[in-house]
Amino acid sequence: MRKSICLLGLSLFLLFFFGLNVQAQPKEVTEPGTTTYYVTAKVLPLDEGRLYMAYEAIGATVMDKGEGLFHNATVRALGAMTIEKGIYNDERGWGVFNLQNGDKVFFTYKYAGEVKPGGTGIAKGTVTLTGGTGKSAGIQGSFESTRYSPRSAVEGVGQSYNKGNFRYRLP
């Protein structure tokens, strides 16, 4: 009888311990959304048909469902690339999402794409969430994104929008 009570107690303890552990596992969230950007750039010609471009982009994010961690977040990014005959495959950048609750989520990205005459083009890349502040501290995630650059409404300013499925985990 005593052995049965000990086994029952041990079983309940293990069930409780492992049950809490399963409950504590972070849940992956996927939220489809769009980020629009206003971009200012500095361009340095390197050779015929080849240039280096560094830029600052500011924008806002809207999630398709009208809610979510990144809904109505503002964003700022700094990046650079080398463009040769309208093609680039080395774009790298770093940025920060400023969430509505005051938290920040930091990210890096890599893109490759094409720039057509007039500044239009499409690029595909990967965004990696590298950390955050407040309730977003410890956030992790990575997702594929497509950037569309239509003809800008203002000379000397770039405009674009990125579409992707934001995928992340909070601790």
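Any read-out appearing in this document is the output of simple, stated calculations on the displayed coordinates, not a laboratory observation. Only a predicted model underlies this, so the values are computations on that prediction, with no experimental measurement involved. Here the Cβ is made from the backbone with ideal geometry for all residues, glycine too, and neighbour counts use every protein chain on show.
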Report task. With a cut-off of at most 16 other beta carbons within 10 Å, and DSSP calling the residue loop, which trypsin sites (Lys or Arg not before Pro) in segment 95-160 qualify? Please list them. Result -> Arg151
Query raised in the report: Using modelled amide H (1.01 Å from N, peptide plane; none on Pro or chain starts), what sits under 5 Å from the amide H of Ile139, excluding residues fewer than 5 places away?
Result: Gly132
Report task. In debye, nearest 20, what is the charge dipole magnitude of the chain about its Cα centre with +1 on Lys and Arg Cβ and -1 on Asp and Glu Cβ, if you could check? Result -> 680 debye
**Report entry** Relative contact order (percent, whole number), segment 39-85, Cα cutoff 8 Å, 6+ residue spacing
**Finding:** 39 percent
Query raised in the report: Using DSSP loop states and a limit of at most 10 other Cβ atoms within 10 Å to flag GluC sites (Glu not before Pro), what is the longest stretch of the chain containing no flagged site?
Result: 68-154
Query raised in the report: Which is farthest toward the positive dipole end of the chain among Leu170, Thr108, Thr126, measuring Cα position about the Cα centre, with Cβ charges +1 (Lys, Arg) and -1 (Asp, Glu)?
Result: Leu170
Query - Using distinct alpha-carbon pairs, which all enter the 1/r mean, Kirkwood radius of segment 83-171 in Å - result: 14.3 Å
Query raised in the report: Between (1) 15.5, 48; (2) 17.2, 62; (3) 22.4, 89, which matches Rg and Dmax of the Cα atoms in Å calculated for the structure shown?
Result: (3)
**Report entry** Helix-only mean residue ellipticity at 222 nm for the chain, each DSSP H run of n ≥ 4 adding -39500 (n - 2.57), per residue, nearest 500
**Finding:** -4500 deg cm²/dmol
